[in-house]
């Protein structure tokens, strides 16, 4: 349901879109678990839809992708700020561990304990030949 909430245009077409493309490509390789949500804040200056729709604007969105099973389980996680400078080129700046998302949100993410503390240096690459459509 995160995609029905207000998103900064460049974030939606930038960093967030790249996470969706990563999912599209890796789901063709194997089964994925994808979990996401929002991080609410107290920034009333960007709550453009409160009066008209009763909806606040989230400060950030988070996403976790889990692939593999057992000792081959891998996870990647991001907290993407809901800002126009959250572009594709900046996606790696938003990498976090699953444990950080759990701590920040209070959510329990079903990931192997050893994978909760891994943070790749870069986002997963789009595999060569992936048709993102």
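The values are calculated or read from the model by the stated rules, or taken from the named source; none is laboratory data. Keep in mind that what you see is a predicted model, and the values were worked out from it rather than measured. Don't worry about glycine lacking a Cβ; one is built from the backbone with ideal geometry, like all the others, and counts go over all protein chains shown.
Across segment 82-92, the qualifying residues are those that are assigned to a helix (DSSP H, G or I) and more than 12 Å from the chain's Cα centre (by Cα), and the one among them that is surrounded by the fewest Cβ atoms within 10 Å (Cβ to Cβ) is 89. In a helix (DSSP H, G or I), modelled with pLDDT of 95 or more, in contact with a strand residue (DSSP E or B) (Cβ under 7 Å, 6 or more places away or on another chain) and under 19 Å from residue 122 (Cα atoms): does that describe residue 76? Here the answer is no, as residue 76 does not meet what is asked. Of all the criteria given as (1) in a loop (DSSP other than H, G, I, E, B); (2) in contact with a helix residue (DSSP H, G or I) (Cβ under 8 Å, 6 or more places away or on another chain); (3) without any contact (Cβ under 8 Å) to a residue 60 or more places away in the chain, the one not satisfied by residue 120 is (2). Within segment 100-117, the set of residues being closer than 17 Å to residue 63 by Cβ, without any contact (Cβ under 8 Å) to a residue 24 or more places away in the chain and loosely packed, with under 13 Cβ neighbours inside 10 Å comprises 103, 106, 108. Being more than 21 Å from residue 71 (Cβ to Cβ) and not in a loop (DSSP other than H, G, I, E, B) is the filter here; which residues of segment 105-117 pass it? 105, the sole residue that qualifies.
Across segment 8-45, which residue is nearest to residue 132 (Cα to Cα) among those that are surrounded by fewer than 18 Cβ atoms within 10 Å (Cβ to Cβ) and without any contact (Cβ under 8 Å) to a residue 12 or more places away in the chain? Here the residue is 20. For residue 65, the requirement of being part of a helix (DSSP H, G or I) and closer than 16 Å to residue 123 by Cβ is not met.
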